[in-house]
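Structure first, commentary second.
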Amino acid sequence: MIFRAAVFHVPLNPFSNDQALASFDDGALFVDRGRIIASGDYSDIRAAHPGEPVRDMRGGIILPGLIDTHIHYPQVRALGGIGHTLLDWLEQHTLPEESRFRDNRYAADVADEFLYLLASHGTTTAMVFGAHFAGATAILFEKARASGLRIASGLVLSDRNLRPELHHTPERAYLESTELIRRFHGAGRLLYAVTPRFALSASEAILDVCRTLMQEHSSVRFQTHLNENPDEIQSVAHLFRGAPDYLGAYEHFGLVTRRSVFAHSVHTTDSEITRMAAHSCSVAYCPASNAALGSGFFPFERHLRANVRIALGTDVGGGTGFGILKESLQAYLGQRLAPGGFLLTAPQLLYLCTLAGARAMGLENETGDFTPGKAADFVYLRPPERSPLAAVMRNAPDAEGLLAAVHTLGDAESIRETWVEGECVFQR
Ligand code: GUN
Ligand code: ZN
């Protein structure tokens with residue numbers, strides 16, 4: 001099938017290449033058996049494949065599937081809390097909600113909401129904090145498999161400083177994680193991610209379990225939080241007196257690797273940034289959450305200059321919703337206002353929403369842009385007639401202008417269809 005519409009993607013790194021954006025006003029994607037065979041100008045693709053059926057989607061825009069590298073499934077119903085900072089938000093607002101996931105029926109209802117909201121916002125791939133309960137985490141995996149989305153997730157591990165019902169012994173953490181890895185890692189589009197919540201709620205024994213799991217399973221991913229809030233950082237320093245800094249607590253257990261994604265990294269020191277780059281790990285930049293919880297401005301330029309991989313996360317429920325396009329706007333706005341902030345361009349925003357996320361998750365050979373051979377993961381964006389984005393599109397701006405408007409004005413209502421590996425997983 002040939003899909004005909006405007007097509008945008010960023011197959012190169014736009015932070016080192018100012019020709020990274022590929023855009024086609026009258027463009028096309030040629031998809032066969034779930035794979036991209038070609039992308040480019042419609043006339044070229046039509047001429048090369050004259051017998052193929054064409055779906056005419058002109059008037060809208062095809063983008064690569066959006067990628068959210070940091071989001072919490074048990075926090076859907078905790079969205080919208082304002083006026084907190086991290087630690088009181090956790091204690092008063094969020095952890096009581098997460099305790100409800102000991103009930104599998106409750107977990108199943110939220111898992112349905114969660115997966116629907118990802119797909120309806122154009123997110124095809126996500127790195128997801130599961131629940132503190134193996135049952136609720138397995139339910140997410142099962143429903144994710146049925147949804148068709150590409151989901152990396154894992155049982156959230158903690159053994160101190162939360163609430164007793166959210167704690168695991170290291171032994172149980174090992175056994176339950178191992179069983180979930182066996183059942184779900186590599187099953188269809190699912191991946192497992194070893195997920196200690198953060199150093200503040202982890203003893204050395206549980207981080208040691210994480211190390212063992214990462215050693216025993218060479219392709220599972222790793223995710224946690226890092227340097228989000230000053231009070232959190234101070235507590236971690238008290239708990240890990242032998243570590244030079246927050247990153248050092250994870251580093252000691254071999255948890256800072258190419259397979260690791262650290263959420264936030266707002267208050268990270270130069271030494272930590274240098275070591276993160278040396279270990280080739282990634283950061284999930286969560287601009288809406290950083291603002292909503294008053295965590296601070298992400299030092300984008302310092303991470304970028306050191307060559308630390310950066311992608312975007314919504315951080316639902318610390319963030320403000322499921323939209324990765326909206327998150328890219330928050331990144332743009334935050335960096336405009338931040339002292340020493342980085343002025344982001346439209347191609348950089350699209351890259352952060354797509355290929356950067358694939359690279360952070362180790363999925364760059366599978367998704368993130370329209371290079372032939374990758375999976376046909378894409379969204380069809382066509383704003384409602386009377387929306388601001390539709391008004392701007394009638395002005396026929398040039399490609400970069402149009403893309404800037406997509407990032408500024410594109411919302412869930414604009415997402416008409418979401419496709420994963422050539423399969424439609426959402427249609428409005
Ligand atoms: N640090 C530990 N847990 C959390 C969480 O749920 N959200 C955020 N934003 N930071 C955390
Ligand atoms: Zn988070």
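Filtered by the rule that a residue be out of contact with any helix residue (DSSP H, G or I) (no Cβ under 6 Å at 6 or more places or on another chain) and in a helix (DSSP H, G or I), region 396-411 gives ALA399, GLY401, LEU402, VAL406. If you check THR125, THR178 for being over 30 Å from THR418 (Cβ atoms) and modelled with pLDDT of 95 or more, only one passes: THR178.
Contact annotation: residue pairs with Cβ atoms under 6 Å, 6 or more positions apart or on different chains, pairing a residue in region 145-162 that is surrounded by fewer than 24 Cβ atoms within 10 Å (Cβ to Cβ) with a partner that is in a strand (DSSP E or B), are ARG145/LEU190; GLY148/VAL420; GLY148/GLU423; GLY148/VAL425. Pairs linking a residue in region 216-236 that is at positive phi and small (Gly, Ala, Ser) to a residue that is within 15 Å of ligand 1 (Cβ to nearest atom) and assigned to a strand (DSSP E or B), with Cβ atoms under 9 Å and 6 or more positions apart or on different chains, do not occur. Of the helices (runs of 4 or more DSSP H) that lie entirely inside region 272-381, those containing 3 or more residues that are in contact (Cβ under 8 Å) with a residue 24 or more places away in the chain and more than 23 Å from ARG221 (Cα to Cα) span 287-292, 300-305, 324-337, 346-353. Among residues that are touching a Ser or Thr at 6+ places or on another chain (Cβ under 6 Å) and closer than 22 Å to GLU216 by Cβ, SER158 is included.
Take ALA376 and tell me if it is under 25 Å from TRP419 (Cα atoms), out of contact with any Ser or Thr (no Cβ under 7 Å at 6 or more places or on another chain) and either of a type outside the set (Ser, Thr, Tyr) or crowded, with 16+ Cβ neighbours inside 10 Å (or both). Yes, satisfied. Pick from region 294-308 the residues that are of a type outside the set (S, T, N, Q), surrounded by 16 or more Cβ atoms within 10 Å (Cβ to Cβ) and within 16 Å of ligand 1 (Cβ to nearest atom): which of them is nearest to LEU352 (Cα to Cα)? So the residue we want is PHE298.
Looking at PRO397, PRO383, PRO339, which is the one that is at pLDDT 95 or above, surrounded by fewer than 24 Cβ atoms within 10 Å (Cβ to Cβ) and more than 16 Å from ligand 2 (Cβ to nearest atom)? Break it down into steps so the answer makes sense when it comes.
Values: PRO397 fails: at pLDDT 95 or above; PRO383 fails: surrounded by fewer than 24 Cβ atoms within 10 Å (Cβ to Cβ).
That would be PRO339, the only listed residue that is at pLDDT 95 or above, surrounded by fewer than 24 Cβ atoms within 10 Å (Cβ to Cβ) and more than 16 Å from ligand 2 (Cβ to nearest atom).
Determine whether region 253-260 contains at least one residue that is modelled with pLDDT of 95 or more, in a helix (DSSP H, G or I) and surrounded by 22 or more Cβ atoms within 10 Å (Cβ to Cβ). No, there is no match, as no residue in region 253-260 is modelled with pLDDT of 95 or more, in a helix (DSSP H, G or I) and surrounded by 22 or more Cβ atoms within 10 Å (Cβ to Cβ). Determine whether SER177 is within 15 Å of ligand 1 (Cβ to nearest atom) and of a type in the set (S, T, N, Q). No, not satisfied.
Given LEU239, LEU247, which one is crowded, with 23+ Cβ neighbours inside 10 Å and either touching a residue at least 60 places away in the same chain (Cβ under 8 Å) or not basic (Lys, Arg) (or both)? Outline the logic, then answer.
Details: LEU239 fails: crowded, with 23+ Cβ neighbours inside 10 Å.
Checking each option against the conditions leaves just LEU247.
Take SER282 and tell me if it is polar (S, T, N, Q), away from ligand 1 (no atom under 16 Å from the Cβ) and surrounded by fewer than 20 Cβ atoms within 10 Å (Cβ to Cβ).
Numbers: polar (S, T, N, Q): yes; away from ligand 1 (no atom under 16 Å from the Cβ): yes; surrounded by fewer than 20 Cβ atoms within 10 Å (Cβ to Cβ): no.
Against the criterion (polar (S, T, N, Q), away from ligand 1 (no atom under 16 Å from the Cβ) and surrounded by fewer than 20 Cβ atoms within 10 Å (Cβ to Cβ)), SER282 does not qualify.
The values are calculated or read from the model by the stated rules, or taken from the named source; none is laboratory data. Quick caveat: nothing in here was measured; it's all calculated off a predicted structure. Neighbour counts are summed over all protein chains in view; Cβ atoms, including those assigned to glycine, are modelled from backbone coordinates with ideal geometry.
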